[in-house]
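Values quoted throughout were computed directly from the atomic coordinates according to the rules given, and no laboratory measurement underlies them. What you are looking at is a predicted structure, and each value in this text was computed from that prediction instead of being measured. So basically every Cβ, Gly included, is an ideal-geometry build from the backbone, and we count neighbours across all protein chains shown.
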Amino acid sequence: MSDSATTTVLELADFVCRRGGDEVFAPVDLCLQRGEIVWLTGANGAGKTSFLRGLIGLVEANYERFEFCGQPLPQATAQLLEHCNWIGHEAAMKAEFSIAENLILDCQQRGVGPTRSVDDALEAVGLPGLADFPAGSLSAGQRRRAALGRLLLRPARLWLLDEPLANLDMASTALLAQVMSDFASDGGALILTGHGQLPNTLRVRELHLEAPQWS
């Protein structure tokens, strides 16, 4: 993509997801710049997961404008999927595979080469020396950290993270918050969901989803 001067990663106007034809949340306008972290908030059932999934075409979505790195959809759909890393609330890892095998398989399925070694990625997320451990033997928090380790292996401009700090203790939360901050400092953009208070070190802009206005 020839957008080296573009600072806007994602621009949305009247973006809304639908379920059974009905709006899940009120239409959203968003301009997300490089280096920014947006914290998506809202009541339980407000559509936070749907919002993230709608950005990458996993649920029905409508919009007046949707641009990725200065290019409108649908022309930029392929670039969006190539340069966007998505981690859902459930860590999608094959239990019978080792952590390393899961991480490498993820890169292979996306057709990209890893940007660093598996050992380096796992150390960054607080799992040093566990590359050969089977994913099925990990605790919920370890599985979450291993899944987030995938982000460090593949290049991206946008991270979409659904409750990335769930099931983590305080030390792991601080560590993963630093990983996200470093990504933003390097020019990446990030949207995350989560409940409760975020670490003070994570500088975010809040985007609150409102309920749709029924006529």
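Computed values, structure above
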| read-out | value |
| --- | --- |
| Residue match in region 60-74 (condition: under 23 Å from LEU165 (Cα atoms), hydrophobic (A, V, I, L, M, F, W, C) and either buried (at least 20 other Cβ atoms within 10 Å of the Cβ) or touching a Pro at 6+ places or on another chain (Cβ under 8 Å) (or both)) | no |
| Single residue of region 1-57 satisfying the filter (among the aromatic types (Phe, Trp, Tyr) and over 17 Å from the mean Cα position of the chain (by Cα)) that is farthest from ASP186 (Cα to Cα) | PHE25 |
| Number of the exception - ALA121 against (1) more than 30 Å from LEU12 (Cβ to Cβ); (2) under 20 Å from the mean Cα position of the chain (by Cα); (3) surrounded by fewer than 17 Cβ atoms within 10 Å (Cβ to Cβ) | (3) |
| Residue within region 60-68 that is more than 27 Å from THR6 (Cα to Cα), assigned to a loop (DSSP other than H, G, I, E, B) and in contact with an Asp or Glu (Cβ under 7 Å, 6 or more places away or on another chain) present | no |
| Any pair with Cβ under 6 angstrom, 6 or more apart, that starts in region 150-164 at a residue that is within 11 Å of LEU52 (Cβ to Cβ) and ends at one that is in a loop (DSSP other than H, G, I, E, B) and small (Gly, Ala, Ser) | ASP162/GLY88; GLU163/GLY194 |
| Among the candidates PHE97, PHE15, residue that is buried (at least 18 other Cβ atoms within 10 Å of the Cβ), in contact with a strand residue (DSSP E or B) (Cβ under 8 Å, 6 or more places away or on another chain) and either aromatic (Phe, Trp, Tyr) or free of Cβ contacts under 8 Å to residues at least 40 places away in the same chain (or both) | PHE15 |
| Count - residues of region 115-136 that are closer than 20 Å to MET180 by Cβ and without any contact (Cβ under 8 Å) to a residue 12 or more places away in the chain | 2 |
| Residue match in region 179-200 (condition: surrounded by fewer than 16 Cβ atoms within 10 Å (Cβ to Cβ), among the small types (Gly, Ala, Ser) and either touching a strand residue (DSSP E or B) at 6+ places or on another chain (Cβ under 9 Å) or in contact (Cβ under 8 Å) with a residue 40 or more places away in the chain (or both)) | yes |
| Qualifying residue in region 8-19 (condition: closer than 25 Å to LEU165 by Cβ and polar (S, T, N, Q)) | no |
